[in-house]
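The values are calculated or read from the model by the stated rules, or taken from the named source; none is laboratory data. The structure presented is a predicted model; accordingly, all values stated were derived computationally and were not measured. Positions of Cβ are backbone-derived with ideal geometry, glycine not excepted, and every protein chain shown enters the neighbour counts.
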Amino acid sequence: MAENETSIPEDASALQSDNGSSPNAPLLGENTTRAPSHTSQSSTQTHATARSTSIKRKLYISHFLSTWNSRMFEFGAVLFLVAAFPGTLLYTSAYALVRSLAVALLSSALGRRIDRFDRLKVLRSSIVWQRIPVAASCLIILLLLSQEGVSLSSNALFACASLLACVEKLASVANTVAVERDWVVIISDSLEIPRQDLNASMRRIDLFCKLIAPLFISFIDSYSTKVAVCTVFGLSTVWVVVEYLAIAQVYNAVPELKIRPTHEQSEQPSTLQPPSSSSSSSSSSLQNLLRPWREYASSPVFLASFSLSLLYLTVLSFAPQMITYLLYTGFTPLQVSCMRIAAVISELCGTMVAPAAMRRVGPVRAGLWFINWQFGSLAAAAGGFLFFDNGQVTNSKVVAVCLIVGVTLSRLGLWGFDLNVQYLVQKETTPTQRAQFSSTEMALQSVFEMLSFACTIVFARPEQFKYPVLRASGAYVAVCGEEGG
């Protein structure tokens, strides 16, 4: 009887198993309900990937057009002014000095306003105010090219072109600060992609345009300066529509960009203590002018940012000063162009190595690695320069080769360090102060850049180039000391 009683449950269990009613067995239709769930998850991931790719592509297009037009106009304007005022460097030097001075004086105040306005309006305004001055400058340059000799009218046209260049440069600063220091942070967080990778991609676009845009406009200018001017005018006018629409599509695709954090006012309302005289009004204006600099100096990433800015106090780069020296030593323009290409390749390598280094050891230690690499490369270049520089013409190319090799290798460290500092600034600055901080940083960079030009004005002869080299080496020692401390 016991056997029968114990066999009944086994039989029943067998029947349940046969009928598919066992709790461990799959229920009828279970596979048909789970398959759509898996398919839905896969579809969601595919949609998210497609959305991320689309947003990044439009961001890259907008950034490429903005950077390309800025680099093309920046380099082309120098060529056009040389053609309009041959035989003198006065006009090109004054033009560059005025542009840098405008950035040094006004960019910090500009950044303060960028932090307060709608993100899309800021970028659209920067696009428009980049293109209008470029178009007007091209028309002015065509008038200058049609005149012969220097006259009162040509000087007046040059003054107008210089003022327009200041507007274009400030709009370019606003565009760069807004996109690279603010939009990139929001987009990377929204799309859940590594910020350092997005930073590196944006910087590669910068470097590509820095190399190719000048070569492009130089090639056209070698055929005809007027054709080159018309090319700059046409591309700047036509591409503005594409850039304008692309950045709007990015803005609409990322809802977080529409949220502007409330800016906490640090100053007291003006109604509590209205200005009673012109002296108090001027004092208030001075305080507003100095406030961004005080906040910049009190930031936790001040030393890193200041160190990066100090690197602009140098002639050890393929800037006009070093290019002039290389041409003096006997290198041809084609050879110098090849050197610049090698330097840009080194810079691109820096943008590829930097994200991996940050993931491996963190941005602080990676930044130390890169700045020490740069210092070592330039120290070797300066040492070789001083060792072989004995004032003899026969050694001039040997001396120059030391600089070329060292500077080319140092570019990897420079742009790796730059990306690490950019990441720290994005991370440590509040959303309401990102643009102000970055604009103040760019103003400081312009100050050091102007000091670099002033140094080569004082030591203007090529045989005196060793003194700016020594001063640049001192700046790198100071940067390494700050970072090590």
Task: Single match in Ala161, Ala156 (criterion: surrounded by fewer than 17 Cβ atoms within 10 Å (Cβ to Cβ) and either at negative phi or of a type outside the set (Val, Ile, Thr) (or both)) - done: Ala156
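Within the stretch 331-364, how many residues are of a type in the set (Gly, Ala, Ser), under 20 Å from Ala400 (Cα atoms) and either out of contact with any helix residue (DSSP H, G or I) (no Cβ under 6 Å at 6 or more places or on another chain) or not assigned by the TED database to the domain that holds Val315 (or both)? So that I can check it myself, show each step before the final result.
First pass over the stretch 331-364, keeping only residues of a type in the set (Gly, Ala, Ser): 337, 342-343, 346, 350, 354, 356-357, 362.
Next cut, under 20 Å from Ala400 (Cα atoms) only: 337, 342-343, 346.
Subsequent filtering for residues that are either out of contact with any helix residue (DSSP H, G or I) (no Cβ under 6 Å at 6 or more places or on another chain) or not assigned by the TED database to the domain that holds Val315 (or both) retains 337.
Counting residues in the stretch 331-364 that are of a type in the set (Gly, Ala, Ser), under 20 Å from Ala400 (Cα atoms) and either out of contact with any helix residue (DSSP H, G or I) (no Cβ under 6 Å at 6 or more places or on another chain) or not assigned by the TED database to the domain that holds Val315 (or both) gives 1.
Listed here are the residues, each with its yes/no results for (1) part of a helix (DSSP H, G or I); (2) touching a Lys or Arg at 6+ places or on another chain (Cβ under 7 Å); (3) assigned by the TED database to the domain that holds Leu235; (4) closer than 19 Å to Trp68 by Cβ.
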residue	(1), (2), (3), (4)
Val177	yes, no, yes, yes
Arg181	yes, yes, yes, no
Ile186	yes, no, yes, no
Ser190	yes, no, yes, no
Ile193	no, no, yes, no
Arg203	yes, no, yes, yes
Asp206	yes, no, yes, yes
Ala213	yes, yes, yes, yes
Open item on the list: If I filter the stretch 422-434 for residues that are touching a helix residue (DSSP H, G or I) at 6+ places or on another chain (Cβ under 8 Å), closer than 15 Å to Ser107 by Cα and either without any contact (Cβ under 8 Å) to a residue 40 or more places away in the chain or not small (Gly, Ala, Ser) (or both), do I get at least one hit?
Closed with: yes
- [ ] For Leu245, state whether it is out of contact with any Asp or Glu (no Cβ under 7 Å at 6 or more places or on another chain), part of a helix (DSSP H, G or I) and modelled with pLDDT of 80 or more.
- [x] yes
Task: Residue satisfying condition, being buried (at least 19 other Cβ atoms within 10 Å of the Cβ), part of a helix (DSSP H, G or I) and either touching a strand residue (DSSP E or B) at 6+ places or on another chain (Cβ under 6 Å) or in the same structural domain as Cys230 (by the TED database) (or both), within set Arg124, Arg113, Arg131 - done: Arg131
Open item on the list: So, in the stretch 382-401, how many residues would count as being closer than 13 Å to Met339 by Cβ and modelled with pLDDT of 80 or more?
Closed with: 2
TODO: Test Ile212 against the stated conditions and say whether it is in contact with a Ser or Thr (Cβ under 9 Å, 6 or more places away or on another chain), farther than 23 Å from Leu105 by Cβ and among the β-branched types (Val, Ile, Thr).
DONE: no
Open item on the list: For the stretch 349-372, give me the residue count where each residue is within 18 Å of the chain's Cα centre (by Cα) and surrounded by fewer than 19 Cβ atoms within 10 Å (Cβ to Cβ).
Closed with: 2
